[in-house]
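Undergrad: The following block contains the structure, expressed as structure tokens.
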């Protein structure tokens, strides 16, 4: 059986990702001074302007405008001709405190308690598979690698005519459930107006695509679409309004598996949209690393103000070496899924979130949810014997 699956990634200069980066950088600044900060920050960007809004309750009082300008400059929007640059952009803010009705449920437990209530209702998914060493789907892994490389060759000066905005998309062909080859590669890179399109397409193939994608996955039938519209000079917020939370599929598993709909950036870890999704990935990765399944998806459901999840569900898509209900029991017995416990276990009251913003929240080294739980893995392996 043959099928094709496609995943997309965007660079840090994409208008939505600019907003995510500013929101997460504000969150880090809050947590750096006050680990108990509550944040639900939203950011929007348009030609020449940015607006920061949302709910914050914190003892910290960082300079939001300064943070935003620093983020915009770090990404590379430093030239007026981009239509959006760190010096001239008009930045406005409208921040208020967290709703007391929400805070009542979240703050019900004593400080430091693992029984802190969930900051919202909803369902969150975690996923892992054995297609890559990162235990992530191959298509999203390759798409992120391409956009990361786009940024690298731009910032290093290897391709100095590139501008910050860009996208990549990879289609992988599967045969009998296993990835066989890359069928299609799409790269759209923002560029200076005077670059010849033949030069750009050749450079992107030779400097970005071929160094990133293993030649064994490419063949004579692989299709390449490099800047298929033929021109991509105007980009970023000057071309398309940006908003936090609009790249949730890029942030997670590239459309492989399910998504609960909640975004991550700008939210502190009492919001289970973020913390429970991180925990679900951690659990799923531990199970696949133990050899319990070739792919595994974990769903967690929460009610606002309630600490214990209202549901825990495991799906192995027919690849499990144990029944899904047995794996579900293992999850409940080996992991504390209360939001307060997740925050302590994964150290989510630390200022680590700006680093998560670009190129996927999962499948990258250095984050605590990407480490497997050795004790839980050993317990699972004993059941597999």
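The values are calculated or read from the model by the stated rules, or taken from the named source; none is laboratory data. Model, not experiment: these values are computed from the prediction. Using ideal geometry, Cβ is built from the backbone for each residue, glycine included, and neighbour counts are taken over all protein chains shown.
Undergrad: Those residues that are under 24 Å from the mean Cα position of the chain (by Cα) and farther than 17 Å from residue 179 by Cβ, I need them from segment 205-219; list them, please.
TA: Let us first name the residues in segment 205-219 that are under 24 Å from the mean Cα position of the chain (by Cα), namely 208-209, 211-214.
Passing the criteria: 208, 209, 211.
Undergrad: Additional query: Might you let me know whether segment 372-379 holds any residue that is crowded, with 21+ Cβ neighbours inside 10 Å and either at pLDDT below 95 or outside the structural domain of residue 176 (by TED's automatic domain parsing) (or both)? Don't jump to the end; show me each part of the working.
TA: Of all residues in segment 372-379, those crowded, with 21+ Cβ neighbours inside 10 Å come to none.
No.
Undergrad: Separate question: Residue check, residue 196 against (1) in contact (Cβ under 8 Å) with a residue 40 or more places away in the chain; (2) farther than 20 Å from residue 363 by Cβ; (3) in the same structural domain as residue 152 (by TED's automatic domain parsing); (4) surrounded by fewer than 23 Cβ atoms within 10 Å (Cβ to Cβ), all met but one. Which one?
TA: Of everything listed in (1) in contact (Cβ under 8 Å) with a residue 40 or more places away in the chain; (2) farther than 20 Å from residue 363 by Cβ; (3) in the same structural domain as residue 152 (by TED's automatic domain parsing); (4) surrounded by fewer than 23 Cβ atoms within 10 Å (Cβ to Cβ), residue 196 misses just condition (1).
Undergrad: Regarding segment 11-24, can at least one residue be identified that is in contact with a helix residue (DSSP H, G or I) (Cβ under 7 Å, 6 or more places away or on another chain) and over 25 Å from residue 189 (Cβ atoms)?
TA: No.
Undergrad: Looking at 297, 308, which one is over 27 Å from residue 21 (Cβ atoms) and modelled with pLDDT of 95 or more?
TA: Details: 308 fails: modelled with pLDDT of 95 or more.
Just a single option satisfies the conditions, and that option is 297.
Undergrad: Which of the residues spanning segment 330-366 are assigned to a loop (DSSP other than H, G, I, E, B) and either surrounded by 19 or more Cβ atoms within 10 Å (Cβ to Cβ) or not assigned by TED's automatic domain parsing to the domain that holds residue 303 (or both)?
TA: Here is the first cut: in segment 330-366, the residues assigned to a loop (DSSP other than H, G, I, E, B) are 335-338, 347-353, 357-366.
Result: 335, 337, 338, 348, 353, 357, 358, 359, 360, 361, 362, 363.
Undergrad: Could I ask something else about it? Among the residues in segment 312-329, are any within 30 Å of residue 62 (Cα to Cα), touching a helix residue (DSSP H, G or I) at 6+ places or on another chain (Cβ under 8 Å) and surrounded by 19 or more Cβ atoms within 10 Å (Cβ to Cβ)?
TA: no
Undergrad: Another one. Of all the residues that make up segment 175-193, how many are buried (at least 18 other Cβ atoms within 10 Å of the Cβ) and closer than 28 Å to residue 256 by Cα?
TA: 9
Undergrad: Here is a list: 245, 235, 260. Which entry is on the phi > 0 side of the Ramachandran plot and touching a residue at least 12 places away in the same chain (Cβ under 8 Å)?
TA: After ruling out the rest, the residue left standing is 245.
Undergrad: Do we have any residue at all in segment 289-302 that's in a loop (DSSP other than H, G, I, E, B), in contact with a strand residue (DSSP E or B) (Cβ under 9 Å, 6 or more places away or on another chain), in contact (Cβ under 8 Å) with a residue 12 or more places away in the chain and surrounded by 18 or more Cβ atoms within 10 Å (Cβ to Cβ)?
TA: Scanning segment 289-302 turns up at least one residue that is in a loop (DSSP other than H, G, I, E, B), in contact with a strand residue (DSSP E or B) (Cβ under 9 Å, 6 or more places away or on another chain), in contact (Cβ under 8 Å) with a residue 12 or more places away in the chain and surrounded by 18 or more Cβ atoms within 10 Å (Cβ to Cβ).
Undergrad: While we're looking at this one, here's another question. Find the strands (runs of 3 or more DSSP E) located wholly in segment 151-243 whose residues include 2 or more that are closer than 29 Å to residue 130 by Cα and touching a helix residue (DSSP H, G or I) at 6+ places or on another chain (Cβ under 8 Å), and list them.
TA: 162-175, 178-191
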